Amino acid sequence: MAKVRLILKTRDQHPMNCKTSRLLIFLILFAGSTLPSFAQKTLSSLNQTLRYSRYSRLSLKIIPIKESETSFKLQFQVEKIEENPDFNSFSFTYSILDSYDEEILSDNTSILTSDDLKHDTDRHWVFEKTIDISTSTKTSVALFTALDTRQGDEYHYSTDIKSSFVFDQSNFGAYYANNVGFDQNYLNVGESLLFKSNGGPNLHGFYYPISLEVPYPPMETKPAQVPRELQVIDQGDFLSNIPKAFDQIGYYFIQSDTAAKAGFVLKTTHEAFPKVKDWDEMVDMVTYISTRKEHEDLMAAEDKKKALDAYWIGLTRNPDTAKELIREYFRQVEFANILFTDFKEGWKTDKGMVYIVMGPPEEVNFYLDREVWSYGGTNESSRIRFTFARVKNILSPHYYTLNRSRAYQPVWFKNISIWRSGKMAF
């Protein structure tokens, strides 16, 4: 995978050996200083808005791999968004919780130091820890936190190891060419991944050559369209520990046991993704801020570029404003693709739709059965909240659908009007 070139460093090359100072930071946090702390916090009370911010310095991920019925390897991955970040500028911790409402304390939280690093590459810091969970445990949630000690920002990422929304964890993982765990939500077509399995030497692949529809707006309460038939192509077995190329656009579902309810879903995309590929795709994507007539005319136009230019200038009445609006709108699309792609392109998901039109949420809270985004308002009663219900799904333990309501109509149309006036809606 030439596109993703990661350079490993040896432990001797690593310049960061500040375990003592980092431990002091950790102790200060739990001592109740004025810095942000975990005291009196639960997972559901944490504001995880930095997870979706356009200005985040880091992106966190937890990748769980089942090693036995009671043992799970957790890969704690930090993607370096900030250019040349200093490891010592951050304090990393992880917690294993029995519920989203369990208080986060020093007793259930562990600090991660440079000594715990598995990989330090151009793009990632990677920690690995193995945890044991009793077979009688119903819910176990891993929380990964990075504190930016320069300004006190806290980054969080959580995932269920066991819960009522998880069928089971896979006993294999996907990796880049340098053995760093694959942490993207998509793979550009033609690229390869390496799979490592704790089971047998073979894995099994299914391919779904499907393009899914754009979601209905938040105030549309009728049921979403469901394909009458879902084509699936059984691609048979392939060997683990050998790079596997994915050369078709759609999505793949990989399993080590086709009779089990655990697997790995991989969305494959065109080469330009998460950016826009061509004029036809741009026409598709403006549906969120267009009238039905405008969108139908754009779809029918023979010269899509000319039609789009006329569309944007018609909205703004100013070519320079139109250029800025196009740049910002499709930047939102790109972020939605990076953040929310699952077996659908991110911009086509419910979260992606809300993100594009409303902008990044000002507050994000996770609960076992839902995720809640909050926007604006001077007090609790005036805030707008979008609730995404969690749906148990064999393809993904993080599949959510928006709870639609006609009450969203005023704020939705207001934001669309702002976009159409040539301004960002946030």
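So here's what we get for this one:
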item: Zone residues, region 274-289, relative to Lys305, backbone N less than 13 Å from point 7 Å out along Cα-to-Cβ; result: 278-280
item: Region 196-325 shape via C-alpha gyration tensor axes, a/c threshold 1.5; result: prolate
item: Whole-Å distance, taken between Cα centres, linking region 76-92 and region 329-343; result: 23
item: Percent of beta bridges antiparallel (DSSP, the chain, rounded to nearest 5); result: 95
item: Of the GluC sites (Glu not before Pro) in region 282-376, those whose Cβ has at most 14 other Cβ within 10 Å and which sit in DSSP loop; result: Glu302
item: Within the chain, longest stretch free of exposed trypsin sites (Lys or Arg not before Pro) [DSSP loop, at most 15 other beta carbons within 10 Å]; result: 55-137
item: Extension gain, Asp278 back to Asn318 (0.36 nm per residue minus Cα-Cα distance, nm); result: 12.1 nm
item: Helix-derived mean residue ellipticity, 222 nm - over the chain, DSSP H n ≥ 4, -39500 (n - 2.57), to 500; result: -6000 deg cm²/dmol
item: Extension reserve of the Val372-Val189 stretch, reckoned as 0.36 nm per residue once the Cα distance is removed; result: 62.6 nm
item: Total charge dipole magnitude, region 120-165, about the Cα centre, Cβ charges on Lys, Arg, Asp, Glu only, Debye to nearest 20; result: 240
item: Leading residue at positive end of dipole, the chain (Cβ point charges), from Val411, Leu212, Phe87; result: Val411
item: Three-way shape label, region 337-426, alpha-carbon gyration tensor, a/c 1.5; result: oblate
item: The chain, dipole about Cα centre (Lys/Arg Cβ +1, Asp/Glu Cβ -1), debye to the nearest 20; result: 620
item: Surface accessible to a 1.4 Å probe, Val276 within the full protein complex, Å²; result: 40
item: Percent RCO, i.e. relative contact order, over the chain, from Cα pairs under 8 Å lying at least 6 residues apart; result: 15
item: Anisotropy class of region 226-275 from Cα gyration tensor, a/c 1.5 cut; result: oblate
item: Farthest toward positive dipole pole in the chain [+1 Lys/Arg, -1 Asp/Glu at C-beta], among Pro223, Gln235, Leu187; result: Pro223
item: In region 55-92, chymotrypsin sites (Phe, Trp or Tyr not before Pro) in a DSSP loop with at most 13 other beta-carbon atoms within 10 Å; result: Tyr55
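The values are calculated or read from the model by the stated rules, or taken from the named source; none is laboratory data. Note that the structure is predicted; figures quoted are calculated from it, not measured. Neighbour counts run over all protein chains shown; Cβ positions are idealised from the backbone, glycine included. Side chains included, ligands, DNA and RNA excluded: accessible areas come from the protein's heavy atoms. Shrake-Rupley method; radii C 1.70, N 1.55, O 1.52, S 1.80 Å.
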